[in-house]
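Taking it in order: structure first as structure tokens, then the write-up.
The values are calculated or read from the model by the stated rules, or taken from the named source; none is laboratory data. Computed from a prediction, not measured in an experiment: that's the story for all the values here. All Cβ positions, even for glycine, are placed from backbone atoms using ideal geometry, and neighbour counts span all protein chains on display.
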Amino acid sequence: MAENKEKKSSYGADAITVLEGLEAVRRRPGMYIGTTGTDGLHHLVWEIFDNSRDEAMGGFADDIEVVLLPENIVRVADNGRGIPVDVHKQTKVSALETVMTVLHAGGKFGGEGYKVSGGLHGVGAAVVNALSTKLVAEVHRDGGVHTQEYAIGKKKAAVKKVGSSKLHGTVISFTPDKTIFNSTDFDFQKIVSHLREQAYLVKGLRITIIDAREGGIEAPKPGDAFYMRSELSHCPSETFYFEGGLRSLISFQNRYHKPIHKNIFYIEKEQDGVAVEVALQYVDDISARVLPFANNIYTSEGGTHITGFKTSLTRTLNAHARKVGSLRESEENFTGDDVLEGLSAVISVKLPEIQFEGQTKSKLGSVEARAAVDAVLAESLSSFLEENPDDAKAIAGKAVLAMKARKAAKAAKDSILRKGALEGMTLPGKLADCQSKDASESELFIVEGDSAGGTAKTGRDRRTQAILPLRGKILNVERARLDKMLASEQIKNLVVALGTAIGETFNIEKLRYHKVIIATDADVDGAHIRTLILTLLYRHFRPLIDGGYIYIAQPPLYKIKKGKEILYVYSDAEKNAAVGDNADDVLEDAAADPEAEVEEGEEVVEETKNKKARIHIQRYKGLGEINADELWETTMDPERRVLKLVTVDDGQDADRVFDILMGEDVSSRKSFIQTNAKTANLDI
Ligand code: 0RA
């Protein structure tokens, strides 16, 4: 409140800065929410949700409900104290109005519960308000229901009391501005996964997400908010409530894996003003899954908390293994990588003043987090290991194994390299290389199967474009060990074609193509191969992804002939748009939607002819069905094609999917493949 007292400015002057602030948000939304694409749109939900979550973290609320309503309305309700609605003597406005209309006002009104706020995410409700054509705030407090409505960030009227209420809490409903966002369609699953994560981070908080966009629900009127649950009971919904907090998250994260010890390690402790919470368990796998959060924000690039965690974990495990004799005197210490193998961990820190770093502000910079995590973990993990000797033995055994495997893999790799198996090995016979030796203009197309390979070879510009066909079934490469992976002829071909070598002798300077383009089919097999290649690149050729050398081709999904005009389209939405102009004509023909007839895996090309509309739609199932000229025009010609640049996120996603595909758990693998068979197309 101190900050408010300092502001002596009159109501009028305040109002002007308010408008200027909100104008700035609308002029440059990216500065406040990152993008105006899907991520930015969903960021609005996180912003509003975060306020309710902070109220819960303060111990004032234990229930949050997020509802997707018709007409793109999102409603977030909590059972907290309710934002104060009484008019402040000095500023002459209520806390509610300030929170909703003044930039960065979010944290200022906080008592205890408002200590935590984080960078980009802390920008608050006013930003959401500015980017919404309509926002309604409804506060249940002091026996009444109070509402205020806003349009593009400006209040329509003063706060008014609209009824009485025995409840307490805040309900915010907003409609994102269609003129700001590329699309205002919310993605239910995206919201579900984000909020599931949040539920793990705040134990004891119940979060419900309801998709009420279909099914004849009317957009709510003020006062409805807390009474609609039963009406919505037929809508798709998810409820999350985790008493175990991060422990539950570890169980969830390990659901496809076999834990190698029974007890999940868990600690929650404050150290020098930093709240530290860590949960971990080792599983029978070689990759590590470590999720770092700072003030409940996922920090994908890690930072000081991760550094503290790794050093402490390595030191503590080494000390314990020495003490109990798991590590003999003659043996060297575990390295940081040894103790990461098979580790599944979540680290969550909370700090009053938080500093982020990095391009995307997703790296924790606050230095005090390092020492705090180190100290808390060292103490609690050594006690855990003392008290749980079976778990300790399994963990140390795993690290010893990792150490041995590391040495064996290095020896194997060294011998492969010594034999010159990769470096200077002759280019594979399957590779149709390009004529140019200038990597900066050379491109490598990785295609699936010899038939697509043949087409691509005919269609290409042989001066700069090389083609490498990979056989359909290469997924049986077992496990991700480098030496095992290289035992596969297919993978060896790819690695040799790239020219960089692998492992310690990797040299990006020797990359033979500055564009490596994965062009697999838009079906399940294609998705598998793409996942495998992306995982291989992510794990062993990461600099190629970081350097922006890896792309995914986007072959067209349909060819549409309208009279003489030929159109290639890349999605169903585009197809519908293209056909849309002639919707009347096409609709006369019941078979106008070829999709309905095309079964996954069917060889034939479904065609629909509509003589009246003269629209002819052909759906391509694989690259092999596109002829060489068409392939050139649509997918290979640098002037006309669309390529998707592969980012580290794509690599990470593939890595995760790879684990599911290759993991121990056959049933989850099956269900994954079944549920993703239709969507596996373009969205990796
Ligand atoms: C400041 C003070 C008080 C409550 C809140 C903010 C508050 C804000 C939000 C935003 C979403 N849900 C919320 N719930 C509460 C209450 C101060 C008091 O009553 O003593």
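Below, the figures for the structure above:
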quantity: Residue list for region 178-215, restricted to those being among the hydrophobic types (A, V, I, L, M, F, W, C) and closer than 21 Å to Asn295 by Cβ; calculated: Ile191, Leu195, Ala199, Leu201, Val202, Leu205, Ile207
quantity: In region 185-220, residue modelled with the highest pLDDT [restricted to those that are within 14 Å of Arg75 (Cβ to Cβ) and in a loop (DSSP other than H, G, I, E, B)]; calculated: Phe186
quantity: Where Tyr114 falls short, out of the listed (1) at pLDDT 95 or above; (2) surrounded by fewer than 19 Cβ atoms within 10 Å (Cβ to Cβ); (3) hydroxyl-bearing (Ser, Thr, Tyr); calculated: (1)
quantity: Of all residues in region 28-52 being hydroxyl-bearing (Ser, Thr, Tyr) and more than 16 Å from the ligand (Cβ to nearest atom), the one that is modelled with the lowest pLDDT; calculated: Tyr32
quantity: Flag for Leu167 being within 15 Å of the ligand (Cβ to nearest atom) and either without any contact (Cβ under 8 Å) to a residue 24 or more places away in the chain or assigned to a loop (DSSP other than H, G, I, E, B) (or both); calculated: yes
quantity: From Glu197, Glu218, residue being more than 16 Å from the ligand (Cβ to nearest atom), farther than 29 Å from Gly244 by Cα and in contact with a strand residue (DSSP E or B) (Cβ under 9 Å, 6 or more places away or on another chain); calculated: Glu218
quantity: Total residues in region 544-567, condition part of a loop (DSSP other than H, G, I, E, B) and of a type outside the set (Ser, Thr, Tyr); calculated: 8
quantity: Counted residues, region 88-100 - those being within 12 Å of the ligand (Cβ to nearest atom) and within 13 Å of Thr147 (Cα to Cα); calculated: 4
quantity: Residues satisfying the stated conditions in region 434-468, i.e. in a strand (DSSP E or B) and either surrounded by fewer than 22 Cβ atoms within 10 Å (Cβ to Cβ) or among the small types (Gly, Ala, Ser) (or both); calculated: Ala466
quantity: When residues of region 160-176 are limited to those that are over 20 Å from Ala212 (Cα atoms) and surrounded by 20 or more Cβ atoms within 10 Å (Cβ to Cβ), the one modelled with the highest pLDDT; calculated: Gly169
quantity: Selection from region 65-84 of residues that are near the ligand (Cβ under 9 Å from one of its atoms) and under 24 Å from the mean Cα position of the chain (by Cα); calculated: Val76
quantity: Any chance Leu249 is more than 21 Å from Val74 (Cβ to Cβ) and either at pLDDT 95 or above or out of contact with any His (no Cβ under 6 Å at 6 or more places or on another chain) (or both); calculated: yes
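Conditions (1) at pLDDT below 95; (2) within 23 Å of Gln198 (Cβ to Cβ); (3) away from the ligand (no atom under 12 Å from the Cβ), marked per residue:
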| position | (1), (2), (3) |
| --- | --- |
| Asp54 | yes, yes, no |
| Asp86 | yes, no, no |
| Val102 | yes, no, yes |
| Gly118 | yes, yes, yes |
